[in-house]
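Visitor: Starting off with a structure, shown below.
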Amino acid sequence: MTKTSIAQTEPVLVAVDIAKARHEVLIAIPGRTRRRLTVLNHLDDFNRLIDTLSDYGRPERVAFEATGNYHRALAYRLGVAGFEVKLVSSVALARTREALNNSWDKNDPKDAQVILHMMQIGNEQFYHDPMLCGTNDLQELSKTHGIVSRSKTELWHRVLTHYLPLYFPEADRFHRSSRSDWFFAFLERYPSPHFISAMDQEIFIRPQSHL
């Protein structure tokens, strides 16, 4: 019988299914039975997981699917501890889950198993922690800008598709030939046509340059 020799440099693979309150962890140790853990989303459990993985005395590679911002605390703690952290694509995970389990249904223990399979075939992505890379402030500013821009666009569409047709259809032709901030200021001052028709022409024309 051939004797199997496992090099100490072969990494421990750690698949983590991220959730809001707790994370399901599946650990594959070379030459040993897989181990499952449940890690609560707080620092004490993060430290216990790090101590457990460090006891194996091998390189560790951890992978997870980004889920909201719930993964960031654990990923940061693992990165500070010196672990190699990887990311798994949500789309690739869904397709692989469907192929392996012949079902789209998701549950946490199975997802950890699917993530582990993707790690074994090398279907991972780099994870750049914004805190460790020094890009956190820039990322938060970018997110804030995106939220504000989206809210402004949603408001603009509501005004054009609901408010103007109901209350001020005559103003619709001006929105493309004026700045959006001026147009909003105009609608705020004159929310319906009768505010304008009740004024003399000279009085109406005079204050518009200040909008």
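Read-outs: derived from the displayed coordinates by stated rules, not from any lab. What you are looking at is a predicted structure, and each value in this text was computed from that prediction instead of being measured. Reconstructed Cβ throughout: ideal geometry from the backbone, glycine too, with neighbour counts over all protein chains shown.
Visitor: Once Lys and Arg get +1 and Asp and Glu get -1 on their Cβ, which of HIS145, HIS42, THR96 lies farthest toward the positive end of the dipole of the stretch 1-147?
Guide: In the stretch 1-147, that residue is THR96.
Visitor: Between ARG179 and ARG34, how high is the FRET efficiency from 1/(1 + (r/R0)^6) when r is the Cβ-Cβ distance and R₀ = 45 Å? Nearest 0.05.
Guide: Rounded to the nearest 0.05, the efficiency is 0.15.
Visitor: Report, in debye and to the nearest 20, how large the dipole of the stretch 55-211 comes out about its Cα centre when Lys and Arg carry +1 and Asp and Glu carry -1 on their Cβ.
Guide: Roughly 160 debye, rounded to the nearest 20.
Visitor: Given the DSSP H assignment, sum -39500 (n - 2.57) over each helix run of at least 4 residues in the chain and divide by its residue total; what's the result at 222 nm in deg cm²/dmol, nearest 500?
Guide: Helices in the chain give a 222 nm mean residue ellipticity of -13500 deg cm²/dmol.
Visitor: While we're on this one: Rank GLU188, GLU65, GLU98 by mean-square fluctuation in a GNM of the chain with C-alpha springs under 10 angstrom and give only the top-ranked residue.
Guide: In this elastic network of the chain, the residue with the biggest mean-square fluctuation among GLU188, GLU65, GLU98 is GLU188.
Visitor: Let me ask you something else. Can you give the local net charge around CYS133? Use residues other than it whose beta-carbon is closer than 14 angstrom to its beta-carbon, Lys and Arg +1, Asp and Glu -1. Working shown, then result.
Guide: Working: positive: ARG72; negative: ASP129, ASP137, GLU140.
The answer is -2.
Visitor: While we're here: With unit charges on the beta carbon (Lys/Arg positive, Asp/Glu negative), name the residue among LEU155, PRO169, SER192 whose Cα is farthest towards the positive pole of the charge dipole of the stretch 138-210.
Guide: Of the options given, the answer is LEU155.
Visitor: Indicate, rounded to the nearest 5 percent, the antiparallel portion of the DSSP beta bridges found entirely in the stretch 12-134. Could the numbers behind the result be given before it?
Guide: Values: 13 of 23 bridges.
Percent antiparallel among DSSP bridges in the stretch 12-134 is about 55.
Visitor: Using only alpha carbon pairs under 8 Å that are at least six residues apart, calculate the relative contact order of the chain and give it in whole percent.
Guide: About 16 percent, as a whole number.
Visitor: Can you give the local net charge around VAL91? Use residues other than it whose beta-carbon is closer than 13 angstrom to its beta-carbon, Lys and Arg +1, Asp and Glu -1.
Guide: With Lys, Arg at +1 and Asp, Glu at -1, the net is 0.
Visitor: Using a 7 Å offset from Cα along Cα-Cβ at GLU188, what residues in the stretch 137-166 end up with backbone N under 19 Å from the label point?
Guide: Of the residues in the stretch 137-166, 148-160, 163-164 have backbone N under 19 Å from the label point off GLU188.
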